[in-house]
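Okay, structure first, notes after.
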Amino acid sequence: MAKFQTLKEAVAENLFDGDIAAFEGFTHLIPHAAAHEAIRQGRTDLTLVRMTPDVVYDQMIGMGMVRKLIFSYAGNPGVGLLRRLRDAVENSWPKGIEIEEHSHAAMANAYEAGAAGLPLAVFRGYKGVGLRDVNDNIREITCPFSGEVLAAVPSVRPDVSFIHAQKANRRGDVLIEGIIGIQKEAVLAAKRSVVTVEEIVDDFDDVHPNACILPRWAVTSICEIPGGAHPSYAHGYYIRDNAAYLEWDKIAADRDLFREWMQKNVIETGPSVFSERIALLKENK
Amino acid sequence: MELNFTPDEIMTIAASRALGNDDVCFVGIGAPSAACNVARLTHAPDIALIYESGTIGTAPDVLPLSIGDGELCDTAVTTVSVPEMFRYWLQGGHVSVGFLGAAQLDKFGNINTTVIGNYNNPSIRLPGGGGAPEIASSCGEIFITMKQSLRGMVEKIDFFTSFGHGDGGNAREKAGIKTKGPTLLITDLAIWKSDPETREFIVTSLHPGVTRDMVQKSCGWAVQFAGELEETPAPTELEITTLRDLQARTRAAHESAGA
């Protein structure tokens, strides 16, 4: 049953060293505030899962918190490559990182299978693709009815998933709007889930009957963190901070500059800075 | 010969002409996005553009910076979850054309966007495949667009991110793939079509002002030219104006948003 908590409490109670954790968001509603809290609490030895690891995964990798990354596209959206991830893969700085790389189709199927309580995902894919040679978790399975050979990957079942959403109501139900990505599956596939939201409203009486809602009994913890997706965006609340993504490319290019930036902007701050960061980015509602 | 357009512009416009009004097109990251939207704003107003973030039938007023910009969702017919996108719409066989870019490409349309060098010890770690591996195998056919360079167009790619025609001939069939795969390549210098037998890309049309030598000098494999080589028609007034307006709107929007 969803519990309303501070982000500090939610991370302390739900994310542990050595966990398999997903901080999901498909270019939208990326849970930056939650990841920054995890960085402040110094979690380590994590296996991080995400379809599109971007800036916030670059930060956690650069801080040495990550043992393994399971992913399908690692880039700074609209800008280029992830420089801290590259430094870890190419030069083992600050330490080496194990990678398990998939395609989007495989990851999407694997999350969905996790949400469905299945041990594996089956789909038509990976034909002729080089990842089959470098990832032991990409296998084949023969359809017992048609004989067709299909791709199989293990389902994704995180210990904990973090997502950001627009709203929770006072009961603890969560509403996700716009590009909904893989967030519903990430929450349902995980043992525990933490949802940061832009605001808490009285009820969802005015919401469309087919809206994407996670009922209160499917969520572990809810934290109200306005701006918690910055520098990504929250549809209906604020737009992407494109300048921040460009700036990250420069910060992440240099190890010392990176550490300085993390110290000043993450370690020495708290979740309340996010509402200030979106002050000039708000949508006209 | 004086030209009133750039190589980038003719590339985008020639690529846009390949799309039809009835196409359902899965739009790859980067260069394809401009071409697909120029098609929609000129000769193919009803084309259904799909981005992998789940936006179906989108009609952005400015080009997105990433495949998940809010603009894509705001202007879409519907926005679905990512698993629905890949399972029902792509794997289900509802997409007629996949339009991809490439960091590295070979003459059989195999694409690498994963690593330069060895996978386990790469000299450059690129972002990876994202949706491309299954876009390449599930869409009816594949169009590719990229700028020519010796680094980009190579005899042998370092990693098979997505499968084109393998080592040529009936390689797709042998791999168990039923779709057509890469049929068309549009570069900043020429239009290339996949040979029906060998499956190698053959130059069928040179853009205005381009010579065979220019095409060969910026391509890492021995280029085959069609017997009857055409000249790509220059951009029309409508095409060039549409593209430039789109790019100007895009620049203005992204500068004001982030500054």
### Message
Can you tell me what percent of all Cα-Cα pairs in the protein assembly as shown are more than 43 Å apart?
### Response
16
### Summary
Projected onto the charge dipole of the protein assembly as shown (unit charges on the beta-carbon of Lys, Arg, Asp and Glu, signs +1, +1, -1, -1), the Cα from A:239, A:165, A:210 with the largest positive-side position is that of A:165
#### Entry: Under 5 Å, built H, 5+ apart or other chain: amide partners of residue A:197
A:165, A:223, A:224, A:225
### Message
Amide H of residue A:99 versus every other amide H placed in the peptide plane: which residues, excluding those fewer than 5 positions away on the same chain, fall under 5 Å?
### Response
A:69
### Query
Out of B:21, A:269, B:143, whose Cα points farthest toward the positive end of the dipole of the protein assembly as shown (charges: +1 Lys, Arg; -1 Asp, Glu; placed on Cβ)?
A:269
## Note on the structure
Distance in Å, no decimals, from the C-alpha centre of region A:224-285 to the one of region A:145-183 is 24
### Query
In which sequence would A:175, B:72 go, from the one with the fewest C-beta neighbours within 10 Å to the one with the most?
A:175, B:72
#### Entry: Equivalent ellipsoid dimensions for region A:104-154 as semi-axes, Å, which come from the Cα gyration tensor, largest first
17, 15, 9
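Summing -39500 (n - 2.57) over the DSSP H runs of n ≥ 4 in chain B and dividing by its residue number, what mean residue ellipticity at 222 nm do you reach, to the nearest 500 deg cm²/dmol? If you can, show how the numbers build up before the last one.
Working: 7 runs with 66 residues, N = 259.
After summing the helix terms and dividing by the residues of chain B, the value is -7500 deg cm²/dmol.
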### Summary
Hull volume per residue for region A:67-129, using the convex hull of the C-alpha atoms, in Å³ is 121
### Task
Name the residue farthest towards the positive end of the dipole of chain A from the options A:111, A:141, A:200, assuming +1 on Cβ of Lys and Arg, -1 on Cβ of Asp and Glu, about the Cα centre.
A:141
### Task
Within 10 Å of each Cβ in peptide B:36-45, how many partner chain Cβ atoms are there on average? Round it to a whole number, please.
0
### Query
What are the residues whose amide H is under 5 Å from the amide H of residue A:162, where those residues sit 5 or more places off or on another chain and H is modelled from the backbone?
A:22, A:23, A:24, A:194
### Query
Any idea what the dipole of region B:127-259 comes to, in debye rounded to 20, about its Cα centre with Lys/Arg Cβ at +1 and Asp/Glu Cβ at -1?
340
## Note on the structure
For region B:115-177, Rg(Cα) over 2.2 N^0.38 Å is 1.22
### Message
Taking the number of other C-beta atoms within 10 Å as the exposure measure, put B:200, A:283 in order starting with the fewest.
### Response
A:283, B:200
### Query
To the nearest 20 debye, what is the magnitude of the charge dipole of region A:187-285 about its Cα centre, counting +1 on the Cβ of each Lys and Arg and -1 on the Cβ of each Asp and Glu?
400
### Message
Using a Cα-Cα cut-off of under 19 Å, which lysines could be cross-linked to residue B:147, ignoring same-chain neighbours fewer than 8 residues away?
### Response
B:107, B:156, B:193, B:217
## Note on the structure
Per residue, the convex hull enclosing the Cα atoms of region B:7-258 spans a volume in Å³ of 133
### Query
So in chain A, what percent of DSSP beta bridges are antiparallel if you round to the nearest 5?
35
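Relative contact order for chain A using alpha-carbon pairs under 8 Å, separation at least 6, rounded to a whole percent?
Answer for chain A is 23 percent.
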### Message
Order these by the 10 Å Cβ neighbour count, fewest first: A:3, B:107.
### Response
A:3, B:107
### Task
Under 27 Å Cα to Cα from residue A:264, which lysines show up? Leave out anything in the same chain fewer than 8 places away.
A:8, A:68, A:95, A:250, A:282
### Message
How much of the DSSP bridge set in region B:7-258 is antiparallel, in percent, rounded to the nearest 5?
### Response
50
### Query
Quick one: net charge of residue B:156's neighbours, Cβ under 12 Å, K/R +1, D/E -1?
-3
#### Entry: Phi-based couplings in Hz for region B:209-222 (Karplus 6.51, -1.76, 1.60; Gly and Pro marked x)
x, 9, 10, 4, 4, 4, 5, 5, 5, 10, 9, x, 10, 6
### Query
Taking the DSSP beta bridges in region A:141-285 as the whole, what percent of them are antiparallel, to the nearest 5?
40
### Query
How many partner chain Cβ atoms sit within 10 Å of a residue's Cβ in peptide A:231-240, on average, as a whole number?
3
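Could you give the dipole magnitude of region B:137-209 about its Cα centre, charging the beta-carbon of Lys and Arg +1 and that of Asp and Glu -1, in debye to the nearest 20?
Rounded to the nearest 20 debye, it is 160 debye.
Calculate the mean, over all residues of peptide A:88-94, of how many other protein chain Cβ atoms lie within 10 angstrom of the residue's Cβ. Spell out each step's value before the answer.
Values: counts 1, 6, 7, 0, 0, 0, 0.
Partner Cβ neighbours, averaged per residue: 2.
Bear in mind these aren't lab numbers, they're just calculated from the coordinates by the rules spelled out. Just so we're clear, the structure is a prediction, and the values are computed from it rather than from any experiment. Methodologically, a virtual Cβ is constructed for each residue, glycine included, from the backbone with ideal geometry; neighbour enumeration extends over all protein chains shown.
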